[in-house]
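The values are calculated or read from the model by the stated rules, or taken from the named source; none is laboratory data. Please read all numbers here as calculations on a predicted model, not as lab measurements. All Cβ positions, even for glycine, are placed from backbone atoms using ideal geometry, and neighbour counts span all protein chains on display. Accessible surface is based on the protein model in full, side chains and every heavy atom, while ligands, DNA and RNA are left aside. Shrake-Rupley method; radii C 1.70, N 1.55, O 1.52, S 1.80 Å.
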Amino acid sequence: MTTRRSFIQQAGLITAGILVNPANLLSKPNKRVGIQLYSLRNQLVKDLKGTLSKVADIGFCEVETYGYTKAAGFWGLNIKEFNELLKQLNLKSPSGHYDFNSYFLDGKEDDLKSYIEAAHETGQKYVTVPNLSGRLRGSLDGFKIVAEKLNKASELTKKAGLQLAYHNHAFEFEDFNGKTGYDVLLSQTSPENLKFELDIYWAVRGGKDPITLFKQNPGRFHMWHVKDMSKNDTSFTEVGTGRINYTKIFSEAKLAGVKHYFVEQDVIKIDPFESIKQSHRYIKNTLL
């Protein structure tokens, strides 16, 4: 029987071999389309199994979780129950969004350790930071604190055989006298220990060209959030119906190092399942 200690020791050795192998830097992109379940947050709380069944029926292969706590689990299911549901629907969960703000602000590692255990038991590889408290966003010094904490957290995830990742919004690209918070996070963290989940919509809205980021930091963007921006304003829209040039961006997938694509819609104006179906169809049939 594998104990938690033996798992961490064995996984750490395996992961070390993976991370130091240069061949993994620009690996062939995955063609499985996933979804960040936050897109369906209103539906999940009403009918978890029915919602995930529709996700699977549309053709999604992977789901990215959010909102896990040790007390509430995943939408009221404990990890074993959630795993059984995913298995029934032939879904995998390679990544989860976990709230790091208590760790960043107070330095307490209890929640972080519970996230690492949850990710391992759910079969996730990536423990992903979804957002930052407003107290940490207003200066480069705040981002430097975050970078330092990320370095420490990444050592813990690495020892557990997992990978720490950071998901952006637009505030990371605010200019502070020629430098941004995202610059700090990229430059002051380990390229091996911290990967990035690039939310392409928010990067574009923040004034950044995703391809320039790929060229400056090849192989570091293991995951993408794929959603589009309206041609008329900055509102969200289904992939392929807006103004973001996804054909060009996807042509540089290998340079980025992307392994997982997740459809995400922060705000949906039409039927939610029709929305994610449109985005899935466009990515699968046009971009991959």
Estimated inter-spin distance, Lys159 and Ser235, nm [label 7 Å along Cα→Cβ]: 4.9
Where in the chain are the helices, taken as whole DSSP H runs, whose Cα atoms extend 15 angstrom or more along the long axis and whose Kyte-Doolittle mean reaches at least 0.5? 4-19
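In whole percent, how big is the carbon plus sulfur part of the accessible area of the chain, probe 1.4 Å, protein atoms only? Write out the running numbers ahead of the final one.
Values: 6530 of 13220 Å².
Result for the chain: 49 percent of the exposed heavy-atom area is carbon or sulfur.
May I ask you to list the trypsin sites (Lys or Arg not before Pro) in the stretch 174-273 that are in a DSSP loop and have at most 16 other Cβ atoms within 10 Å of their Cβ?
Working: sites: Lys179, Lys195, Arg205, Lys208, Lys215, Arg220, Lys227, Lys231, Arg243, Lys248, Lys254, Lys259, Lys269; in loops: Lys208, Arg220, Lys227, Lys231, Arg243, Lys259, Lys269.
Qualifying residues, ordered by number: Lys231, Arg243, Lys269.
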So what does Thr247 come to for accessible area, using a 1.4 Å probe and Å² rounded to 10? 80
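Find, among the GluC sites (Glu not before Pro) in the stretch 72-120, those assigned to loop by DSSP (not H, G, I, E, B) with at most 16 other beta-carbon atoms within 10 angstrom.
Values: sites: Glu81, Glu84, Glu109, Glu117; in loops: Glu109.
Sparse-neighbourhood loop GluC sites (Glu not before Pro): Glu109.
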Only bridges with both residues in the chain count here: give the DSSP antiparallel percent, nearest 5. 20
So what is the relative contact order for the chain, in percent, with contacts set as C-alpha pairs under 8 Å and at least six apart? 21
Based on DSSP, what percent of beta bridges with both residues in the stretch 148-288 are antiparallel, to the nearest 5? 25
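How much of the pair distance distribution for the chain lies past 24 Å, counting alpha-carbon pairs only, in percent? Don't skip to the answer; put the middle values down first.
Working: 20644 of 41328 pairs.
Looking at the chain, the distances longer than 24 Å represent 50 percent of pairs.
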How many Å² of accessible area per residue for the chain, probe 1.4 Å? 46
Gain on full stretching of the segment that runs from Thr212 to Leu140 - 0.36 nm per residue minus C-alpha separation: 23.8 nm
